Structures are given as structure tokens and as C-alpha cells.
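This report concerns only the one structure given below.
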Amino acid sequence: MNERALRVLEFVKIRQMLSSYALTDGGRELCEKLQPCDKIDEARKQLDLTDEATIILAYNGGNPLTGFEDLADALTLAEKGAVLSTRMILNVASCLRASRGARNALVTERENTPLITGIASNLVPLQQLERDIEDAILSEEEIADTASPALADIRRHIRQSNEKIREKLNTMAHSSQYSKYLMENIVTVRDGRYVLPVKAECRSNVPGLVHDQSATGATLFVEPLAIVELGNVLKEWKAKEREEIQRILQSLSADIGSSSGIISRNAAILSDLDFIFARGMLARDMEAVKPELNDKGIIRFIRVRHPLIDREKVVPCDLWLGEDFTSLIITGPNTGGKTVTLKTVGLMVLMAQSGLHIPGMPGTKIAVFDQVYADIGDEQSIEQSLSTFSSHMTNITSIVNSVKKNDLVLFDELGAGTDPVEGAALAQSILDSLLQKGIRTVATTHYSELKVYALTTKGVENASVEFDVSTLRPTYRLSIGVPGKSNAFEISRKLGLPEQLIENAKALLNHESVAFEDVIANAEYHRQIAQKERELAEQARMETVRLRNEAERIYKDLEEKKESSTRKAKEEARRIVEKARRDSEIMISELKRMKKNATVPDHEINALRKQLDAQIDELAPGLPESKADSVTSADQIKPGMTVEVLTLNTKGQVLSAPDARGDVSVQAGIMKTKVHFSALRILKEEAQKPKVTVHARTSQGTKTVKMSCDVRGMALDEAIQEVDRYLDDATLAGLNEVTIVHGKGMGILRSGIQQHLKKHHLVKSSRLGVFGEGEDGVTVVTLK
């Protein structure tokens, strides 16, 4: 791709934006060297990589990569056997850490990012080397004691030597013999040796080596002879420390050198990934989409924005080229947005061919071109004695001589800067030559002759940028199919030019020019009216859809409320009737017992029961069928059955057959109760079970419950659960008083359990144990 086009279309600024997202030196270098690709398969692959990067960024919420500095110099030195500095070794560790993190984050089972997963899978983690470096080097200035056993031993001796020297000097500084000769009773360090601040006039009273003096000369820093030998020992250990640190760095450098090939490849892969994720982050921030590439020369923009213009101010562009026509001529007033449109076309093509998403809407199509040529702006040269026209024609000549069929050509103000008649004729000739070759061309102009050329020539189309004459402001909207008008007279009138001068100017125009401009103005006027009417119609349609959706929602809500109310009413009716039936069943049973001499015939009782059932069915049609059958005879109740207790609205298990009065013993949860058989319903699944006779010994089925529950050693919540289970079992076993053993300890279990027992539904009262019961270590519970 020719560099002039990249420069005038401001692709260089896109590179700069892209490089700001890179985390590594290698990634930034790739961003700054980004070039459009003229092979459609490669361009599609790069776009797919950018698309996968946006998917991962959305999934992770951020960039999964981490940055590191360039390693080229460090790896070269390591390969040659040199000892690397701690900074270089730490940079290598950063690269190793970034490699491991990238592989862990990107090599996953995710199916929608196969390309990036494939690249990241080539990363080779060197975890042992990474750990060795991290364990040995804490920072650029500090090596860890654990870097080697020898270093740990040396530093232990250094600490011991320091302690001995400081202890000796502190004793001297605070002794009556030497303290009077010192400026201060402190121990300090000069040139790596421990010294005392001695008064200059008392130098002879403190024998030793002078290492420094104060600025005034009043204080001498003396290393007493008594510790000189200890100081020499300390110095020797520090020399050994430096030697050991050098050996450690040399060992790590050798390990890096032996793995330099792998580290170098990892760094290159991370740079590629950094480059890809920089493209993804740029696409995310620009709210860009992946364009559909083609090799047929078709361009179709759907609300595409120029990426270098403020998003709040830029006007989206809808443009198409390459299907019904191959040349597009854009006309309109100055500052109307013609050049911006031209640059947008070229820049979007360059970005798409570089693997960058473009700021627009899905469905945008862009062709892949071999070259993009652009003649935009004034590049007159004083040194070469070129005028504006000459500089343009020099560039245009180069384009015309170099252009091929699969190229894109962009002309700004084609033919301008010379005699209008000659310039228009020359521009028409150039455009016609490119049209005959089938080259995609976009040109801006003010010439009316080119508007007529576009109207009368197949394969050429007019376009215009709108201008609001009432406000003297461009709208920057592009309209294809309608030529633009310069609006010179209207603009001059708004700016205050005398009307007489404007009328005189109009009189100088020939009749054909005036008629043509009037036709353009009339067409543009009606187009704008039609556009506004379309917008109003679309708004009305959207409002109609909204109102319809709202009406449907309200209707649905009303239907649901109606159905809910009906269901609730029927359920209430069923409940009332069932209650009435239970009451009548009880009354009938009582009558049968009380009036044995005047027994009510069974067929009358059954008739009454059928009548009540019919009332229930009539009041509650469509309700789910009851899951339980009514009990009409005591013979239906058998021990072990699962029944519904109507008076308690719960399930229970029959413990014994009905007695002479018809009462049945039922276990409902932890509660044992007696109810009349008429207040029960047999669950249908129980009724459908095959009758099986089970022979079991009662003594074997009885559960033995201890008189105490030991929760010592348990957490409070675990202990409370255990106490609840124990109290349930004790209640079922008929125990009256039980003991909870919680121990004394800190009192947490005791207080927590006692608080829980105060509100327990099975507990009548509780108290702490007395002497002989366990005292504060137990709680005695009386059950209801």
C-alpha cells in the first residue's frame, strides 16, 4: 500500500491509537508497523482474530495479558555466557509469568475462539525457572536469603558479627571510661565500618582508626582498636556474600541462556497476542463491528463513523458503491463534509484490510483492493515551483499511470485550481478513463458539468452533502442519487451581501445553468420533505407498535388476574363445601351412635354424601383433581397408611386401626394425635399401592432413646441440629425429662443451647444441672 495514501487518509493516526493499547514493546512495534493486506483470506483471518479478541475481552472483563520489557539484549548476553543484572533477570521472570498466565487464560474449552487458542497453545511455560528466579531475587536491590544455603549461612554470620560489634561499641559508648570523650553516645557507620563520634580534642583518649570527620572538624569518627578485628571479620563475610550473589546470578543467567530459544519464541507469541488484543480493545472502545469482506469491489456502509472525529459530533454515513455504479461524484458547498466522506471511504478500506473492525453497524461490506490511491489536500511545493493545480496534477498523473482494475481511487476537488471550463473537461476525461477500466472511484467537485456527466452516464452516480441554508450550517448527511448545489447565492445573501449584487450575478449566468441549478434545488427540496415524512411515518409506526405491545401486555395481565381470581374463588368454595361435608359426616356418625334404635338408613347417608360431592364439583370445575380419596367407612383405614388430616391440613401415618368410636391414632410429623376417621382422606398413591402383608417383631422396630445427648466438641450450629433431632426422638419415645451434655468450657455451647431451648416448641422448661447432675456442664430439659 502506497505511503502517501496512508498519510493523507490519516491511517498513521489509527496506528498511534492502536499502539496505545499495547502492553509490550513487541506489541507496540507491531501496531506501529501495521500495514493493510491485499489478500482477502489473510484479511479475513486478521478480522476473525480481532473478533475473537473482543469475545475474550467481554468474557474476562479485561485484557488477559500482562506486560513485560524487551528481552532481546538480555537473551543475547545470556546466550554468550554473560552474567545478567538482577533487573534483566526479573524482566525474564515477567515474560515467563506472562507466558504462563496467557496460556492458562486462553487455552480453554471455549469453542468460539479457535484461532487465539491455537496461537496461545504454542506458549511453553518454564515454571521451574520462573520459581527459581522468584525465590532468589526479591527486587533489583535485594537477593533472598533462600537463594542458596551458602548465602543463608553467610548472612547468618554477618548478622552475628554485626550484633557483636554493636554490642561492644554500645558498651564502650555508655561506659564511664569513654562516654566523656564522645560527642554523642551513639554507634554509627562510616565506609562500612562501625565507629564512635569522638571529640577532636579527645582523639588520643580513644585509640583506633579514624574513618571520617564532621564538616566542622569538631567530631572524628573512630573505629576503636578493640573492634578492628571484628570489623575485619565482618568485611570478609560481606565479601563472601558478594561472591555468592554473583554465583547465584551467574547460575540463573546460565539457565536463561540454555532456555533462550523457548523464551524468545514465547516473547514473540506474546507480542502477537498483544497486537491482537490491542485491536480488540480498539474495536471495543470504538463500538466497532467486523465488516463483511468481498473481492467484487462492493462497498456498502451502514451508519459508518469516521473514527478520528468526536463520537458525539460525527454524523454516521450511509454509502454504497460497486454494484449499480462504479464511480460516485459528491457535490455540495464548502465545509459540508465532502472531504470527510472521501477520507471515511479510504480509511475504512485500509482499516478493514488491516484486520481492524470499523465503527459502523452490522451488515457493512467492504471490498479488498490491491491499492488505494488518494489525491486529497493541497501539497504545493515552493522548492519545486509547483502551484496548487500543478501539485494535484502531478499526483493525479502518477495515479492514472499506475492504477489497475482492482484499485480504489479517491479525488478531492478534481480539476480545481485552474480555468473552470478546462478543469471540468479534464476532470470528466479522467473520470471517464477510470470508468472504462472498471475502477472504483469516488470524487468530490463543485463543477456542474460533472453533475450532468453523472446524470447522463451509466455506471456513474451523483451524491450530495446536505446544507441548511436557513442556519448556514451543513448537516453532513450524504444523499446518494441527488446532485448537490453550491448555494453560493443563498449563503452570500445570509451573510449580508447586497441583493442587487446577487441579482446582477444571477443575470450573468446562462439560462441552462440557472435551470439546472433550479432543478437540483427543487429535487433536493422534495427529497428533504420526503425524508422528513419517512421519519415521521417511522416514528408513527414505532408508536403504533409500542401501543399495540402495551395493549397486549395489559390484556394478558387482566386475563391472568381474572383466571387467578376465579381459581381462588373456586378453591374457597371447595374449602367451604368440604368443611360442610366433614361436619355433616361427624354429625351423621354421632347420630348413628346416639340413635341405635333409630338408625338412619345407609342409602340416605350416601345420598347426602353424593349431593355434597356434586356441589364441590359444581363449584370447582377445572381445578386439579384431589390427590386424596374421601373415607366413607372405618374399614378403609389400615395401620401404616399415609393419609391427609383435613383438620390439620397436613399428611400423617396411621398408627392404629379405628376404635369403637371411630377415632384413629395418627403420627403427623413429631406430633401424635387422635382424629375421627371421617376427618381423614386416603392419598391416592397410597390407595393404589398393592396390599402387602409385612411380618415384623415390634420389639425389633422400637428405637431406643438415651436419657442424655452429648454435644461436647461440636460447633454451635451443629450442636443445635443434634439437640433438635434428639428432642424429636425423646418426644416420640414418651420421655418426660432429658439431659443435654454441653460441657463448661467458654460457655458458648451452654448459652447458645439455652437460648434455643427457650423458644423450642417441644420444651416445657429447662435448667442448669445441680450437684451430682453435672452442674454447669449440663442442661436438664422437661418436655411437654
- Message: Taking the Cα centroid of segment 79-127 and of segment 247-311, what is the distance between the two, rounded to the nearest whole Å?
- Response: 15 Å
- Query: Measuring with a 1.4 Å probe in the full set of protein chains, what accessible area per residue, in whole Å², belongs to segment 110-178?
  - Reply: 57 Å²
- Which entries of K338/K451; K674/K784; K404/K451 show an alpha-carbon separation above 22 angstrom in the structure shown? K404/K451
- Lys and Arg at +1, Asp and Glu at -1: add these up for the other residues within a Cβ distance under 14 Å of Q246 and post the number. +1
- Around W320, what is the net charge, scoring Lys/Arg as +1 and Asp/Glu as -1 over all other residues with Cβ under 11 Å from its Cβ? -2
- Query: What number comes out for the charge environment of E130, summing +1 per Lys or Arg and -1 per Asp or Glu over other residues with Cβ under 15 Å away?
  - Reply: 0
- Expressed as a whole number of Å, what is the distance separating the alpha-carbon centroids of segment 434-458 and segment 395-411? 15 Å
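The values are calculated or read from the model by the stated rules, or taken from the named source; none is laboratory data. Worth saying up front: this structure is predicted, and the values here are computed from it rather than measured. Please note: Cβ atoms are built from the backbone with ideal geometry, for glycine as well, and neighbour counts cover all protein chains shown. Heavy atoms of the whole protein, side chains included, go into the accessibility calculation; ligands, DNA and RNA do not. Shrake-Rupley method; radii C 1.70, N 1.55, O 1.52, S 1.80 Å.
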